[in-house]
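What follows draws every value from the coordinates through simple rules; no lab data is involved. What you see is a predicted model; the values in this text were computed from it and never measured. Cβ sites come from the backbone with ideal geometry, for glycine too, and all protein chains shown count toward neighbours.
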Amino acid sequence: MLKRSILALSLVGLSVSSVSLADGGRDYVALAGSSTVFPFASAVAEHFGKANPKFKTPKVESTGTGGGIKLFCGGVGVQYPDIANASRRIKAGELETCASNGVKDVVEVKIGYDGITIATKKGAPAFKLTRKELYLALAKQVPDPRDSNNLITNPYKTWKQVDASLPDLPIQVFGPGPNHGTRDAFAELVLTNGCESYAWIKALKEVDDRRFAKVCTQVREDGAWTDVSEDYALVLSKLQSNPTAVAVFTFSYLDQNGDKISAATVEGKAPTFATIADGSYPLSRPLYFYVKKAHVGVIPGITEFVAEFLSDKAMGADGYLAERGLITMKPSELAKSRKDANDLRAVRL
């Protein structure tokens, strides 16, 4: 039923330009974007290819959320992805870029949840952190401990200097690079939240939003924070060779590698399926994909692929995506995602 309703809607109002799009020769669904969503999208693509022999298996690329959306918003045509995977919501500026390049209708579909975890090598000292402590440890500039109304270059070398309750270990964190959706989410959920614990900085947002963003989201450049590529396996190898270091992972990766890494608590909450699903873990976040409406009904298989992604066998409590670590949605949320897909509802921010 879901497949038929999406397909029926997608065939309405196809233009001559849409027909010429199909003449370009691509006969498979193309996705690009988030490395967090990549394993889930790849699993759906694999199941879709096996279950639907009349369609080719979709091609899924891991480019990072920002990179995937940039490709997606490049224009309409077979050289551009049909779907962008994202570990954060699309930004207003990105939608403006889409529109300026002729990508007028972008359909937003929530697919579930994941959590950002602060992890150490299995057996390393345990961390019990707050977002304020993480901000003080990792931001490029922080309030002067002698006068919190002034900002200074981050002086902290060890976690214990940040707070006496933390381990006496050097601050060394491996985290996602700037093009990574997890980096954006870390900046929003961790750094900005910790930064706003200082009233004068929080007030700055209303009078100088650009300076606020600079103060609250820039990470250190003195070696305490190290950008690592999209490959979480590389981050894991860095952690294994630096047993006193800390790394930023997604919960789904933690879940798959629980024999090698352990997660810190944040605000007293450990990341689990339950705490991420109910939002009590403070670093939980929704995951999305974005569909280019102009390609729907023209590139073969888009509607059917979306239907597979949102199906009970994929999204159900015992579905194959839950087995891979996706925090699936409540039935009411899943119903809304299906409706958004059925209606090809363009996102509005």
For a quick check: with amide H placed at 1.01 Å from N, whose amide H comes under 5 Å from Thr158's, ignoring anything fewer than 5 positions away on the same chain?
Ile171
Computed [θ] at 222 nm, deg cm²/dmol, the chain (DSSP H ≥ 4; -39,500 (n - 2.57); rounded to nearest 500)
-10000 deg cm²/dmol
When only DSSP loop residues count, what trypsin sites (Lys or Arg not before Pro) in the stretch 268-349 have their Cβ near at most 13 other Cβ atoms within 10 Å?
Arg348
Relative contact order, percent, the chain [alpha-carbon distance under 8 Å, six or more residues apart]
29
For the stretch 323-349 and the stretch 68-96, what is the separation of their Cα centres, given in Å?
18
Between Ser241 and Thr265, with labels modelled 7 Å along Cα→Cβ, what's the label distance in nm to one decimal, could you check?
3.4
Provide the net charge surrounding Leu239, with neighbours chosen by a C-beta distance below 10 Å and charges set as Lys +1, Arg +1, Asp -1, Glu -1.
+4
Past 19 Å, Cα to Cα, is the threshold; run Lys140/Lys214; Lys214/Lys238; Lys260/Lys313 against it and keep the listed order.
Lys214/Lys238; Lys260/Lys313
Proportion of all alpha-carbon pairs of the chain beyond 31 Å (%)
37
Which whole-Hz couplings ³J(HN,Hα) result when phi for each residue of the stretch 87-97 is put into the Karplus expression 6.51 cos²θ - 1.76 cosθ + 1.60, θ = phi - 60°, listed in order with x for Gly and Pro?
9, 8, 6, 4, 8, 4, x, 5, 5, 5, 4
If the chain between Gln256 and Gln218 were fully extended at 0.36 nm per residue, the gain over the current Cα-Cα distance would be 10.7 nm
The stretch 84-165: which chymotrypsin sites (Phe, Trp or Tyr not before Pro) are DSSP loop and have at most 15 other beta-carbon atoms within 10 angstrom?
none
What FRET efficiency would be calculated for the residue pair Asn101, Ala346, taking the C-beta separation as r and a Förster radius of 22 Å, to the nearest 0.05?
0.90
Can you give me the relative contact order of the stretch 115-284 as a percent, contacts being Cα pairs under 8 Å and 6 or more apart?
39
Using only the Cα atoms of the stretch 115-284, what do you get for the radius of gyration and for Dmax, in Å?
15.4, 47
